[in-house]
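Engineer: Sharing a structure with you now.
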Amino acid sequence: MNHPVKIKNALVSVYYKDNLAPLIKLLHKFGVTFYSTGGTEAFIREQGIDVIAVEDLTSYPSILGGRVKTLHPKVFGGILARRPLAGDQQQLAQYEIPEIDLVIVDLYPFEETVASGASEQDIIEKIDIGGISLIRAAAKNFNDVVIISSKSDYQELETILAAQEGQTTLTQRKEFAKRAFHTSSHYDTAIFNYFNQENPLSVFKQSVQPAQTLRYGENPHQKGTFFGDLDAMFDKLNGKELSYNNLVDVDAAVAIIDEFNDPTFAILKHTNACGVASRPTIKQAWTDALACDPVSAFGGVLITNGEIDQETANEINNLFFEVLIAPSYTEDALNVLTTKKNRIILKRKDVQLPKELFKTLLNGVIVQDKDHTVEGPEAMTTVTENQPTATQLNDLYFANKIVKHTKSNTIVFAKNNTLIASGVGQTSRVDALKQAIEKAQSFGFDIKGSVMASDAFFPFPDCVEIAGDAGVAAVLQPGGSIKDQLSIDMANKKGVAMVITGVRHFKH
């Protein structure tokens with residue numbers, strides 16, 4: 001059942017040679033014969049080890065500028081031959097084909113080449129043909145052949161061979177085969193998605209790696225895994241590992257802060273902003289963002305688009321929070337912020353984010369473009385007798401950035417580039433408005449002279465009437481209701497300026 005196989009012959013042809021030498025030397029110690037091509041062949045010789053060129057095995061040179069090197073029956077026959085079958089063994093002998101027990105092959109860096117902005121010609125040349133074929137062949141014949149398709153597996157194979165005198169078990173070979181098919185499927189998905197950008201086929205293909213097992217999912221009884229490279233996006237400077245809920249909130253925090261160019265601080269709880277302020281300094285932005293709702297800020301996720309200095313860190317340090325994100329920190333600030341070991345401190349890096357969102361839904365997957373639109377003053381059409389002032393237009397723009405990232409139904413109040421209050425995730429817009437008014441009043445904010453943004457249109461004039469009675473000076477909404485005029489008439493009656501953007505921002 002264990003079916004041990006001793007490695008006698010190995011085909012090695014890799015793009016990345018990092019940490020390969022120790023494995024090659026161990027295989028040589030066990031008397032393994034090497035077959036190789038090009039740069040890898042030269043690398044093995046540099047280790048003082050004999051190697052047979054694949055060209056000598058096949059009696060055929062590398063042709064077409066290196067496009068065809070290993071695609072030959074003497075290579076694939078040695079990999080795919082079924083050792084127990086007499087017919088296969090007879091043909092190996094007839095055509096003088098050696099059994100290949102180990103294949104170490106990786107693939108041309110297709111994704112890296114695409115990401116570099118290379119020309120289409122260069123990208124096409126990085127579509128591996130021989131390597132992918134060798135990987136699939138060796139993985140298919142895992143009963144007798146070991147396949148190593150990633151440099152991350154070199155050390156593990158080295159450990160196995162050292163412990164088992166150059167042999168592998170069936171279980172081990174099958175595990176490496178599984179990884180190899182993951183390598184090939186990920187590679188093919190990347191190639192397909194590159195070609196599928198223009199006039200795309202209506203298919204869903206994604207392959208995201210690496211994977212990070214989380215402590216649990218949304219709740220302790222649920223399993224959770226993050227697929228992606230968090231290290232490419234953040235340097236974790238302090239704290240415990242990010243949880244599932246942390247990651248969801250961090251994603252929301254990154255999305256909202258990217259709407260702002262001025263020094264801004266945002267505080268989020270369960271993906272909704274409970275404090276946002278733009279100010280001349282990061283410290284003042286923090287102070288005013290926290291004042292919006294200091295109760296909800298407890299245990300929240302904090303994010304800013306500017307450097308955090310010691311003075312700001314001292315103020316932040318007074319609050320219990322889960323995660324803090326900034327593009328940079330002074331050394332003195334970090335000394336303050338890292339005094340509590342579980343507090344997660346992230347330094348954000350500049351990385352390109354996906355342009356689409358997808359999630360499982362019912363028995364399938366749903367995909368949409370990210371909402372990259374936010375309407376500024378130039379996209380606002382005034383529909384009332386009262387015209388909004390320049391300051392009000394600026395505040396409406398500020399409020400619109402926040403309402404876009406808040407769970408529907410939602411209403412946002414803002415004044416002087418500050419979130420005053422919001423009504424979040426209500427089943428009626430009137431309830432969201434009432435919640436926002438109650439919150440603003442509970443923290444001592446004067447709604448009079450503030451502006452209001454709604455994520456969707458008003459089907460009835462009641463919201464405008466309530467807002468006008470509360471002292472709201474200007475309202476932003478997308479419009480589009482067959483009863484828009486009723487809300488416009490109510491705004492005129494209450495002396496409220498109203499602008500329409502024509503763009504809805506539902507968020508579910």
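Engineer: Once you order the gyration tensor axes a ≥ b ≥ c over the Cα atoms, which shape class does the stretch 267-390 get: rounded for a/c under 1.5, otherwise prolate or oblate by comparing a/b with b/c?
Structural biologist: Values: a/c = 2.03, a/b = 1.27, b/c = 1.59.
Because a/c hits 1.5 or more and a/b fails to exceed b/c, the stretch 267-390 counts as oblate.
Engineer: Only bridges whose two residues both fall in the stretch 377-500 count here: according to DSSP, what percent of them are antiparallel, nearest 5?
Structural biologist: Here the share of antiparallel DSSP bridges comes out near 60 percent.
Engineer: May I ask for the net charge around N314, where only other residues with Cβ less than 10 Å from the Cβ of N314 are counted and Lys, Arg are +1 while Asp, Glu are -1?
Structural biologist: On the way: positive: K283; negative: D309, E311, E315, D332.
Surrounding charge for N314 is -3.
Engineer: Quickly estimate the mean residue ellipticity at 222 nm for the chain, helices only: each DSSP H run with n ≥ 4 gives -39500 (n - 2.57), and the total goes over all residues, rounded to 500.
Structural biologist: Calculated from helices alone, the mean residue ellipticity at 222 nm is -11000 deg cm²/dmol.
Engineer: Also, quick follow-up: Calculate the spin-label point distance for Q89 paired with A211, positioning each point 7 Å from the Cα along the beta-carbon direction, and give it in nanometres.
Structural biologist: It is 3.9 nm.
Engineer: If you don't mind, there's one more thing I want to ask. Order S119, S207, most accessible first, counting only protein heavy atoms with a 1.4 angstrom probe.
Structural biologist: S119, S207
Engineer: Lysines within cross-link reach of K17: Cα-Cα under 23 Å, excluding same-chain residues under 8 positions apart?
Structural biologist: K8, K25, K29, K69, K126, K151, K178
Engineer: What is the sum of charges, Lys and Arg at +1 and Asp and Glu at -1, for the other residues whose Cβ falls under 12 Å from the Cβ of I437?
Structural biologist: Net local charge, I437 excluded: -1.
Engineer: Can you pick out the pairs among K434/K494; K223/K404; K240/K355; K269/K407 whose Cα atoms lie more than 21 Å from each other?
Structural biologist: Distance filter (> 21 Å) returns K223/K404; K240/K355.
Engineer: Then there is this: For the stretch 184-303, rounded, prolate or oblate, judged on the Cα gyration tensor with a ≥ b ≥ c (square roots of eigenvalues), a/c < 1.5 rounded, else prolate if a/b > b/c?
Structural biologist: Prolate, because a/c is 1.5 or more and a/b exceeds b/c.
Engineer: Could you give the accessible area per residue of the stretch 253-306, probe 1.4 Å, as a whole number in Å²?
Structural biologist: On the way: 1760 Å² over 54 residues.
For the stretch 253-306, the per-residue accessible area is 33 Å².
Engineer: Ok, one more. Assigning unit charges at the beta carbon (Lys, Arg +1; Asp, Glu -1) and nothing else, what dipole magnitude in debye, to the nearest 20, does the chain show about its Cα centre?
Structural biologist: Dipole magnitude for the chain comes out near 1260 debye.
Engineer: Report the one residue of T168, S184, T418 whose Cα lies farthest in the direction of the positive end of the charge dipole of the chain (charges on C-beta: Lys and Arg +1, Asp and Glu -1; origin at the Cα centre).
Structural biologist: Working it through, the farthest residue towards the positive pole turns out to be T168.
Engineer: Compute the angle between helix 429-442 and the longest alpha-carbon principal axis of the chain, please, reported from 0 to 90 degrees and rounded to the nearest 10.
Structural biologist: Once rounded, the angle reads 70 degrees.
Engineer: Counting only protein heavy atoms and a 1.4 Å probe, tell me what percentage of the chain's accessible area is made up of carbon and sulfur.
Structural biologist: Details: 12830 of 25320 Å².
On the chain, the fraction of accessible area on carbon and sulfur atoms equals 51 percent.
Engineer: Could I have the simple spin-label model distance between N199 and D469, label points 7 Å from Cα toward Cβ, reported in nm to one decimal?
Structural biologist: Output for this residue pair reads 6.0 nm.
Engineer: Something else now. Would you mind working out the accessible area per residue for the stretch 377-500, using a 1.4 Å probe, and quoting it in Å²?
Structural biologist: Accessible surface, normalised per residue, equals 39 Å².
Engineer: Using only the alpha-carbon atoms, what does the stretch 1-139 span along each of its principal axes? Please give whole angstrom values in decreasing order.
Structural biologist: 51, 34, 31
Engineer: Full extension from S328 to I129: what is 0.36 nm times the residue separation minus their Cα-Cα distance, to one decimal in nm?
Structural biologist: Working it through step by step, the gained length comes to 67.3 nm.
Engineer: Also: Give the accessible surface of the stretch 1-128 per residue, rounded to a whole number of Å², with probe radius 1.4 Å and ligands, DNA and RNA excluded.
Structural biologist: Using a 1.4 Å probe on heavy atoms only, each residue of the stretch 1-128 averages 53 Å².
Engineer: Does the stretch 377-500 classify as rounded, prolate or oblate by the C-alpha gyration tensor (a ≥ b ≥ c root eigenvalues; a/c under 1.5 gives rounded; else a/b over b/c gives prolate, otherwise oblate)?
Structural biologist: Cα axes put the stretch 377-500 in the rounded bin.
The values are calculated or read from the model by the stated rules, or taken from the named source; none is laboratory data. Remember, predicted model here, so these are calculated numbers, not experimental data. Note that each Cβ is placed from the backbone with ideal geometry, even for glycine, and that neighbours are counted across all protein chains shown. Side chains included, ligands, DNA and RNA excluded: accessible areas come from the protein's heavy atoms. Shrake-Rupley method; radii C 1.70, N 1.55, O 1.52, S 1.80 Å.
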